[in-house]
Ligand code: VGL
Ligand code: ZN
């Protein structure tokens, strides 16, 4: 069991329609984490969400590169970039939070992926680490020392957010039953868990809270 303290925050990563079944970048069982996340929210003194929030011309969309398909690679912001289907476009229904996700008054939202020139998996920084969403500063201003990460997708935005949290000096936990992986390659989800453990991130389940 992990007793929740006043200096703990729950980070809900990208629980948006396009990452749930029926969405353009659907994660299998992505919607099944919603009731779990709703149940644990009330235990935390602070709950923060991230939202993938792309302009239609975003460079990570295969559709914006003539002759390229989803899953192929290009160079973007000097980094190798995998190409995605169009997803989480600003103002679209796919970019909205899952309708069943509880969103209390307290829940501040940090949007990412707004710059078309670079992708942004982490809720803290873009992939080139040039842009900062302000999440780290906000958590510190609220006296947060430990973060518990959940949401979508385990092998991309959850992993990058947890890795950055840990490297920024927050004690970091991932709630394994409150996340699901895209698994573009089979096993990506378990690989992500292994990489995170190696960095000192702790893995627990909602029942441990
Ligand atoms: C994500 C791929 C592209 C995620 C966002 O939220 O995990 N994955 N954009
Ligand atoms: Zn995205």
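Observations on the model:
- Residue in the stretch 72-88 that is surrounded by 16 or more Cβ atoms within 10 Å (Cβ to Cβ), without any contact (Cβ under 8 Å) to a residue 24 or more places away in the chain and either touching a helix residue (DSSP H, G or I) at 6+ places or on another chain (Cβ under 8 Å) or closer than 24 Å to residue 59 by Cβ (or both) present: yes
- The one condition in (1) on the phi < 0 side of the Ramachandran plot; (2) outside any helix (DSSP H, G or I); (3) within 12 Å of ligand 1 (Cβ to nearest atom); (4) more than 11 Å from the chain's Cα centre (by Cα) that residue 189 fails to fulfil: (2)
- Across the stretch 20-56, the number of residues qualifying as crowded, with 24+ Cβ neighbours inside 10 Å, farther than 17 Å from residue 109 by Cα and in contact with a helix residue (DSSP H, G or I) (Cβ under 8 Å, 6 or more places away or on another chain) comes to 3.
- Residue list for the stretch 65-99, restricted to those being over 25 Å from residue 109 (Cβ atoms), out of contact with any strand residue (DSSP E or B) (no Cβ under 8 Å at 6 or more places or on another chain) and within 14 Å of ligand 1 (Cβ to nearest atom): 79
- In the stretch 27-39, the residues that are assigned to a loop (DSSP other than H, G, I, E, B) and under 14 Å from the mean Cα position of the chain (by Cα): 27
- Here the condition is being surrounded by fewer than 20 Cβ atoms within 10 Å (Cβ to Cβ), touching a helix residue (DSSP H, G or I) at 6+ places or on another chain (Cβ under 6 Å), more than 23 Å from residue 22 (Cβ to Cβ) and in contact (Cβ under 8 Å) with a residue 12 or more places away in the chain; of 108, 68, 114, it holds for 68 alone.
Results for (1) touching a residue at least 60 places away in the same chain (Cβ under 8 Å); (2) touching a helix residue (DSSP H, G or I) at 6+ places or on another chain (Cβ under 8 Å); (3) on the phi > 0 side of the Ramachandran plot; (4) surrounded by fewer than 24 Cβ atoms within 10 Å (Cβ to Cβ), shown as yes or no for each residue.
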{"position": "130", "(1), (2), (3), (4)": "no, no, no, yes"}
{"position": "135", "(1), (2), (3), (4)": "yes, no, no, no"}
{"position": "138", "(1), (2), (3), (4)": "yes, no, no, yes"}
{"position": "167", "(1), (2), (3), (4)": "no, no, no, yes"}
{"position": "208", "(1), (2), (3), (4)": "yes, no, no, yes"}
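- Of all residues in the stretch 13-44 being touching a strand residue (DSSP E or B) at 6+ places or on another chain (Cβ under 9 Å) and on the phi > 0 side of the Ramachandran plot, the one that is nearest to ligand 1 (Cβ to nearest atom): 14
- Residue in the stretch 54-70 that is within 21 Å of residue 179 (Cβ to Cβ) and more than 16 Å from ligand 2 (Cβ to nearest atom) present: no
- Filtered residues of the stretch 110-126 (kept if more than 14 Å from ligand 1 (Cβ to nearest atom) and farther than 22 Å from residue 80 by Cα): none
- Failed criterion for residue 103 (all others in (1) out of contact with any strand residue (DSSP E or B) (no Cβ under 6 Å at 6 or more places or on another chain); (2) within 16 Å of ligand 2 (Cβ to nearest atom); (3) closer than 21 Å to residue 179 by Cα hold): (2)
- Residue in the stretch 40-57 that is under 30 Å from residue 5 (Cβ atoms) and assigned to a helix (DSSP H, G or I) present: yes
Throughout, read-outs are computed from the coordinates displayed, never taken from laboratory work. Computed from a predicted structure; not experimentally measured. Note that we place each Cβ from the backbone using ideal geometry, even for glycine, and neighbour counts take in every protein chain shown.
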